[in-house]
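Below is one structure; the comments refer to it alone.
Bear in mind these aren't lab numbers, they're just calculated from the coordinates by the rules spelled out. Computed from a prediction, not measured in an experiment: that's the story for all the values here. With ideal geometry, Cβ positions are generated from the backbone for all residues, glycine too; neighbour counts draw on all protein chains shown.
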Amino acid sequence: MRYKLEKRREPSMAMLVITPVASVIVTMLVGILAFDALGVDGWAAVRDIFLTPLLASHKWQDVAVKAAPLVIIALGLSVGNRAQVWNIGAEGQYVIGALAAAGVGLAFGQAGGFFVILAMIAAGCLGGALWALIPAVLRTRFSVNEVLSSLMLTYVSLQVLGYLVGGPWKDPNGRNFPATAPLPEGQMLPALDGSTIHLGIVVALILPFAFWLLMSRSTFGYQVRVVGSSPHAARHGGFDAKQTIWATMLIGGAMAGLAGSLELTGALHKVDLGFASGYGFTAIIVAFLGRLNPFGCLLAGIVLAVTSVGGQLAKTTVHIPDSTAGIFQAMMLFLILASDILIRYRIAKRA
Amino acid sequence: MTARLELKGITKRFPGVLANDRVGFAVQPGEIHALLGENGAGKSTLVKMIYGIMQPDEGQILWNGAPLQVANPKAARKLGIGMVFQHFSLFDALTVLENIALGMDAAIPARALEAKIRAVMTQYGLMLDPSRVVSTLSVGERQRIEIVRALLLNPKLLIMDEPTSVLTPQEVEQLFIVLRKLAAEGCSILYISHKLHEIKALCDTATILRGGKLVDTCDPKVETSRSMAEKMIGGSLKDIKRDGRSLGAPKLVVQGLSLPADGPFGTALRDISFSVRAGEIFGVAGVAGNGQNALLLALSGEEPTARAAVTVNGTQVGHMTARDRRGQGVSSVPEERNGHAAVPVFTLADNAILTARDRLGMVNRGLLDAKAARTYAGEVIEAFSVKATGPGAMAESLSGGNLQKYIMGREILQKPQVLVVSQPTWGVDAGAAAAIHQALVDLAAEGSAIVVISQDLDELLALCDTLAVINGGRLSAPMAVADAKIDEIGLLMGGIHGETAHAV
């Protein structure tokens, strides 16, 4: 029996939901088989990476802290992706956002309070947006592919970070470690007593609703969707493609910068060489696993955060490197992209 | 005499559609047989089964009296069945000879093939240089390649799918000479068309399909165009009511409009000037690829031009974007529906927002009024009898003709001051085409200025008050349709084209 792909009359909504879930499940199954074949207890590895963080309540706060930046960055990226704008440099925009926030914090010295924190977060958004502005200008003025320019700027941002925390912004009392001084208490986001759950997590829970409103109900969201799916129709409708590229790049950069400033003020409280931990790249997977849908991004952000927390866990329990989680995350992205075709096509028996 | 091809009770089902319902007719040797029907009547499905692209579910195909199963197009060609498709499969960057060689089932040495091609060309008077690169050829010349390709196989039956839709009247005459010569030598021709006067001029027999069923097999020389059209649509054809229209002051004035070519295969617009008065329908005739697309983009505002090049109601709008021009009352319908006039993956309601959001108030403080869009889409569906499941149907799920009706309706119901349409009835069935024509005339009667860009000269002659011909990006002087001569229009359509194509 041979099979063929047959175009569906209308895109399948069921497949839109089933394929991300199936990607996660298939990733788990492949993981079990692959690790068993390597002589590691595959079931234990997959259990610790995918399930333990969900089942053990003391791991939930770790998951929430890791999910928040992933969700926020992915929301911004998914707007660009809807317009076929491929910002791969969220990691750099996240770093620059955090640096901008840290710089404003430093400028206030030991002062703190609501308005100082607000200024730091606003600076974070602005810093991320400005960093994203560079690929936007290159793309609209000189037709430079934003995939390359935004990605390369990530490495530039890491150099900026290295310079600042190793030089002008280095903590004078930090035993010469390249890191900024810990934030004064007044510049930290409020957190739940006795936990690491900070206000940034609440922001990550509220933003999906705002993005849903933006993308599904506003003229701007409509413009983004038209430009992404039919550039000619967009022009016919009087929408400006360049303006759309600008706007979506800025939104993506601002969200990454927001995530960076929330991570600084809410979770890490200082910037060191390890500040960039790959959230900006993992968020690309979150955006796709979440089908570029705001609520999908929320769920997918949690799934990816689970695997990151679980990866740490599996290092101690089954003694596999924590980069294993990265392999699983990549496998999920691969499977979701490969199964995309099932939304518009069905598998039919060949006559 | 045994028929060359005989179909008996051919039935083909697709999910939800009966494309052919017990269709049977016979084509005699040397006969030119018309296959006539509206879009979706089942003509294409039927010839695809004859050419082996699909298999019938029921029924029998007899070839010279013997039952036959055509497994694939290669088998069909081996039997002597050739087909010239409406859309050519040619590589622009290759020569005529290379293109033909690529399309042959057997590998023939280039020199031998060239000799054969030259022989066929001389025999049928098809003038073409085998070493020319396809991109330098006119559409008519490209079609000759496809015909030569089919003739090289010494066909006993040649299927031609809508061959004249892209030709000038003179080119049509030349094609008919070739086809008559072929038929005289005993080759049968199955000629698919909906242009009734061509069928009357060329064909010996006409088989008419409607809704997948055979309606009639008749002699087109005895029938009138009108009687065949009525059989085709299964009802009486309404004439366009054109009276009661008076022309007012100039509404759309185009003055010295020029636009650089969009890419190496585009056509530049050169110094185009014309004006359209309130209540007037202005036609732009021409062979495809002579600047029609650029003209539409320049008028709609998708390609902004010099400020003074386009004036609407006395306001200079040349520099304005499509959105701002809509604000001035300029609507447009481009030729390509999917992906230009409409977003294929959006619903009809969402597609209403694309061009009607400002004029019909579908935006409220930056948020879309989905209900207003749905209501308007519903009105368009109702008023233009669009076959769709409703405002929530995806644009891509509609047939080409239905989507065209929806798009035309979406613009016409906005009551624009100026409406520019390209190919308003391309692929639309005769009944719907009449409805679209009537809607255009009614819109003009209310005082709008209308520009119709079309390759269908019959359509323009029936619809327009004034006519000009576009060729190589230049527009001829306008002429009143009442005293236009077909020969003259044909020369304008084809004349200059050859020269400019070589010069570039």
Distance-filtered residues of region A:254-285 - backbone nitrogen under 14 Å, label point 7 angstrom along residue A:176 Cα→Cβ: none
Lysine pair number, Cα distance threshold 30 Å (strictly under), region A:3-349, separation 8 or more or different chains: 9
Helix B:430-445 vs. chain B, principal-axis angle (Cα, 0 to 90°, nearest 10): 20
Förster radius 30 Å - calculated FRET efficiency between residue B:307 and residue B:415 (Cβ-Cβ, nearest 0.05): 0.70
Counted charge near residue B:220, where neighbours are those whose Cβ lies closer than 13 Å (Asp, Glu -1; Lys, Arg +1): -1
Packing-based ranking, highest mean first, of A:49-55, B:125-131, B:141-147 given that Cβ atoms within 10 Å are counted: B:141-147, A:49-55, B:125-131
Charge context of residue A:35, other residues only, Cβ under 15 angstrom, K/R +1, D/E -1: -2
Degrees separating the helix B:139-151 axis from the principal Cα axis of chain B, which is the longest one: 20
Cβ-Cβ FRET estimate between residue A:14 and residue B:483, R0 fixed at 51 Å, reported to 0.05: 0.25
Under 13 Å from the residue B:14 label point (7 Å along Cα→beta-carbon), backbone N, region B:29-50: B:39-49
Residue B:105-residue A:185 FRET efficiency (beta carbon distance; Förster radius 51 Å; 0.05 resolution): 0.05
Ratio of Rg to Rh over region B:373-447 (Cα coordinates, Kirkwood Rh, two decimals): 0.95
Relative contact order, percent, region A:3-349 [alpha-carbon distance under 8 Å, six or more residues apart]: 36
DSSP beta bridges in the protein assembly as shown [antiparallel fraction, %, rounded to 5]: 55
Binned Cα-Cα distance frequencies in the protein assembly as shown - 10 Å width, integer %: 2, 11, 17, 19, 17, 14, 10, 7, 3, 1, 0
Surrounding net charge for residue B:183, when Lys and Arg each add one and Asp and Glu each subtract one, Cβ distance under 13 Å: +1
Angle between chain B longest axis and helix B:370-383 axis [Cα atoms, degrees, rounded to 10]: 50
Which listed pairs, of B:8/B:78; B:221/B:485; B:195/B:231; B:43/B:213; B:43/B:195; B:12/B:48, have C-alpha distances above 19 Å, in listed order: B:8/B:78; B:221/B:485
Kyte-Doolittle at least 1.0, axis length at least 30 Å by Cα - qualifying DSSP helices, chain A: A:13-37, A:114-142, A:294-317
Spin-label model distance (nm) - residue A:147 vs residue A:339, 7 Å beyond Cα toward Cβ: 2.4
Number of partner chain Cβ atoms within 10 Å, mean per residue of A:235-246: 5
Region A:120-146-region A:264-306 distance, computed between alpha-carbon centres (Å): 19
Percent RCO, i.e. relative contact order, over region B:5-233, from Cα pairs under 8 Å lying at least 6 residues apart: 30
